[in-house]
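What follows draws every value from the coordinates through simple rules; no lab data is involved. Keep in mind that what you see is a predicted model, and the values were worked out from it rather than measured. Here the Cβ is made from the backbone with ideal geometry for all residues, glycine too, and neighbour counts use every protein chain on show.
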C-alpha cells in the first residue's frame, strides 16, 4: 500500500520547495538557516513540547497554529531562542515577518522553529541577512535537513508514496535530534509534508497518534527540550477524495511508519551512540504499563552502558522494570536479549555468555524483550547505548 | 546539642559489635561478608526499596521487621541475591539461621542484606564457611563498612554523640552505594545503630522522615535497586528517658543529620564522579514541587555532563526544571551557580564566563540554586557529575 522513495525527503512531496544557507550561527560553514515552502496554502497540525519552559518559536508557532493554515516554516540551528524573554518573542516574530515578505505571503502563514544553545539571544543580523539569501527549489530538502542539525551526525529524512486505489499521495519528512531527547507528548524538530487532502480534525488526530507511537517512545537521555515540535503540512495538491476518520487507515499507517522511521534514525544517531536499542514489552497488565516499562528500560543508563560494553547483564533490565511503576510479578517474568531467553519465569535461564557477548558486539541493534505474562499491553521503545563520547560531547557543549 | 565523633562508625555506639571476612565472592581479597551485632535486643525500624522486583534479603527482612525486634544484621557484597526465586529465599533464610546459631540468638532476630550482581545465585559454600570465621569486636565497624562496598571507592560511615540534658546517647551509621542510586522511599544499604531508648512508633516515624530528607533526595543515575534498605537498631543501653514524638526533636535532628551526611558521601562517591552536586530549589509552589524540581535537576545527565566539563551551561538547568513537572513561571525564575546569579527573572544575567569556568573547575562541590518565586516550597537534592568513567565502570560490570 505504500513504498519507500529512494533518497526521499520532505521535498519529495510534489509542490514543496526548500532552501538553506550558512549564516555562521553554528560557527561553521554548514547550512544553519532554512525555509520549507508550499505555494499552495496547507492545512497544518502540530504537537509541541510539554516542558513548562517553552522556547520563543514554540510560543509563536502554537499561536499561529490556532488558525490551522500555513505555507512556510523557517528554521535555524545553533541557537534555540529559549529563555530569551520578550526579545526572543520579538526575534521569532521578525523571522516570520522577513520570511513572509520574501515569499509574498501573510506572516500568519509562517511557522518558526529554532534549535541549539539555550539562553543566548538570536544573532538577528545573521538571520536577516541569511533569509534574504535563501533560494528555493524543489530538490533542496536535503539541504533543509542539514540546516536543522546540531550534534546530529547524520541527516534524518524519508518519503513514502501511498497508493490506495483512488487515493494516491506522498508523505515526506525531515527531523533533527541527538541529545535532550525524551519527548513527552511532543518531540525534537520534525517537519512532515504531504500533498494529500485530509480533513483538519483527522490531520490533527492522526499526527497525535503517530507521535505517540514513535517520537514519544524515544529516549536518548531522558531529557525533554523546550524547543520540541513536530509540524505536519498537508497541501491537498494530490486532489484525492478527502481523507477522514472513516477512510483514514492507510494515511494513519503511512504517517506512523514515517514517524517511526524518523524516530529510529534519531535513536541510532544519539549523541555518542554506537548502536540502536529496541525494547519491546509484551503481556503487560495494560497499554500504559507497557509504554512505561519499555521507556524506563530503554532510558536506563545502566542498561545503556551495559549495551555499550556488550555486557549481557540482564539483571539491569529486571531492575529497570522493577522501578518503572508497571505491575510486575517476578515469577511470571521472561526476558530475551537478541531473541535469546535469559530469564524464564523469574529465574536465570542458562545461555552461552561468550556467544551472547559476541552477538551483542557484532549487532548494530540490540533487541530487548520483556514478557510480563499479565495481560494484553504491548509497546516498543527506541534508544541508544551510552558511551564515554556522550559525556565528552555534553561536557563541552557551550564552549 | 550533638557533636561528630572523630573517625566514628556504627560500632562507635556503645554495646554494638561487628566483624567481617573475605570469602572471595567479590573475587578479591577485600572483606565481603560481615555481621553487626547487639547483645541487647533492639527495637528496629526500616525502609525498603519501592521497586516491584525485590531481592530475597529484602523480602525476608521485611517479614522479620514485622516483629520490630532485632539483634543482628548479616550482609554480603558481590551478589545481590535478587531475581533468584525460591532458592534465593532459602539462601537468605539460611544466612540468617547460620548467623543466629553462631550468636546463640533466635533466627527471627537476624536481618539480612545482600548487594552486588543481580540474577546470580548466592555461593552458599563461601557464605557458610565465612560466617563461621567471623570474629566480633567493638572496634570493627570499619571492616563491616568495607565488606558492604561494591563499586564504592570510599567507605561511608559516621557517628554523632547527642547530649540533650537528661538524654545522652550515640548514633552511628554505615552505608554503601555508588551506582543504581535513585532511592524512592528507600535506598541503598544503610545500617544505623543507637543506644537511645526510643518508642517504636517514633523510631519508625523518625527514620521515615530522615530518609525522606536525605537518601530520597539523592540521585546518581536515576536507577532504583531491588536491594535497597535502611535499618535502624536502637538498643536502649543509654537508659535515657524514653524518646517519643513529645520530646523527640533532638533525636530526629541528629538522625536526619546522620542520614544526610551518609547521603552526601554516597553522592560524592558516585561511580566515576569527580564532584558533588547540591541542588536547592526555593520558592516552589509547594513542597512536592520543590522536591520534584531538585531531583530532576540533580538527575539530569546533561547538567551532570556540563558540571564534569566545568561548563556553565545553565540553559540545561532551566530545561530540566521545565520538564520536571513542577509549576514554573519563566518570568519569575532566578538561577545561581556557586552563588553567582546566571538568570534573573527569566533572562540571562551577565557574568564572567571565564571566572565561572575556573571556579567550577576548582570546586569540589557545585551548588545550583533555583528560586521559583511562586510559594514557600523548599528542598535540597544531592548527586554527582557524569564522567566517561561512569560509562566504563558500567559497561564491564558483570565481566
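Taking a label point 7 Å from Cα toward Cβ, how far is residue B:373 from its twins in the other copies, in nm, shortest first?
Here residue B:373 shows inter-copy label distances of 5.8 nm.
Need the full-extension length gain, residue B:367 to residue B:209, defined as separation in residues times 0.36 nm minus the C-alpha distance. One decimal, nm.
54.5 nm
List the distances, in nm and shortest first, from the label point of residue B:168 to the matching label points in every other copy, placing each point 7 Å from Cα along the Cα-to-Cβ direction.
From this label point to the equivalent ones elsewhere in the assembly: 9.7 nm.
Counting only other chains, what is the mean number of Cβ atoms within 10 angstrom of the Cβ of each residue in peptide A:47-54?
5
How much of the DSSP beta bridge set in the protein assembly as shown is antiparallel, as a percent to the nearest 5?
Details: 106 of 153 bridges.
Antiparallel: roughly 70 percent of the beta bridges in the protein assembly as shown.
Please report which chain B residue places its beta carbon nearest the axis carrying chain B onto chain A, with the distance rounded to a whole angstrom.
For the rotation taking chain B to chain A, the closest Cβ gives B:388, 2.
Measuring from label point to label point, each 7 Å out along Cα→Cβ, what is the residue A:4 to residue B:389 span in nm?
For the pair residue A:4/residue B:389, the computed spacing is 4.3 nm.
For peptide B:307-314, compute the average count of partner chain beta-carbon atoms within 10 Å of each residue's beta-carbon.
5
Going 7 Å from the Cα of residue B:341 in the Cα-to-Cβ direction, what parts of region B:349-384 have a backbone nitrogen less than 15 Å from that spot?
Within reach of a label on residue B:341, which here means backbone N under 15 Å from a point 7 Å along Cα→Cβ, region B:349-384 contributes B:349-352, B:369-373.
Mean 1/r over all different Cα pairs, inverted: what Kirkwood radius does the protein assembly as shown give, in Å?
Hydrodynamic radius (Kirkwood, Cα pairs) of the protein assembly as shown is 27.8 Å.
If the elastic network links every pair of Cα atoms under 10 Å, which of B:265, B:167, B:235 fluctuates the most in the Gaussian network model of chain B?
Of the options given, B:167 has the highest mean-square fluctuation.
Rounded, prolate or oblate: which fits region A:276-395 when a ≥ b ≥ c are the square roots of the eigenvalues of the alpha-carbon gyration tensor, with rounded for a/c under 1.5 and prolate only if a/b beats b/c?
oblate
Angle between the Cα long axis of helix B:200-213 and the longest principal axis of chain B, 0 to 90 degrees, nearest 10?
40
Please work out the Cα center distance from region A:39-68 to region B:274-307, rounded to the nearest Å.
30
How would you order B:251-264, A:354-367 from highest to lowest mean count of nearby Cβ atoms within 10 Å?
For the peptides B:251-264, A:354-367, the packing ranking is B:251-264, A:354-367.
Computed from the mean reciprocal separation of all distinct C-alpha pairs, what Kirkwood hydrodynamic radius does region A:2-267 have, in Å?
17.8
Using a 10 Å cut-off around each Cβ of peptide A:385-391, what is the average number of partner chain Cβ atoms that fall inside? Kindly include the intermediate steps, with their values, before the conclusion.
Working: counts 2, 7, 4, 8, 2, 6, 13.
Average per residue, whole number: 6.
Tilt of helix B:249-268 relative to the longest C-alpha principal axis of chain B, in degrees (0 to 90, nearest 10)?
70
Say R0 is 45 Å: what FRET efficiency, to the nearest 0.05, do residue A:108 and residue A:327 get from their beta-carbon distance?
0.40
With the Cα gyration tensor of region A:10-123 giving a ≥ b ≥ c as the square roots of its eigenvalues, does the rule (a/c under 1.5 for rounded; else a/b larger than b/c for prolate; else oblate) give rounded, prolate or oblate?
Judged from the Cα gyration tensor, region A:10-123 comes out oblate (a/c at least 1.5, b/c at or above a/b).
Residue A:89 label points, 7 Å along Cα→Cβ, one per copy: pairwise distances from this copy to the rest in nm, shortest first?
Inter-copy label distances (nm, one decimal, shortest first): 6.1.
For chain A, modelled as a GNM with alpha-carbon contacts under 10 angstrom, which of A:307, A:110, A:342 fluctuates the most?
Maximum fluctuation in the GNM of chain A, among the listed residues, is at A:342.
Springs between alpha-carbon atoms under 10 Å, Gaussian network over chain B: tell me which of B:108, B:125, B:212 tops the mean-square fluctuations.
Ranking B:108, B:125, B:212 by mean-square fluctuation puts B:125 first.
Calculated from DSSP H runs of 4 or more alone, at -39500 (n - 2.57) each and per residue, what is the 222 nm mean residue ellipticity of chain B, nearest 500?
Helix-only estimate at 222 nm: -10000 deg cm²/dmol.
Restricting attention to the alpha-carbon atoms of region B:244-299, what are Rg (one decimal) and Dmax (integer), both in Å?
Spelled out, the Cα radius of gyration and Dmax of region B:244-299 are 14.5, 44 Å.
What angle, in degrees between 0 and 90 and rounded to the nearest 10, separates the Cα long axis of helix B:124-133 from the longest principal axis of the Cα atoms of chain B?
With rounding to tens, the tilt is 70 degrees.
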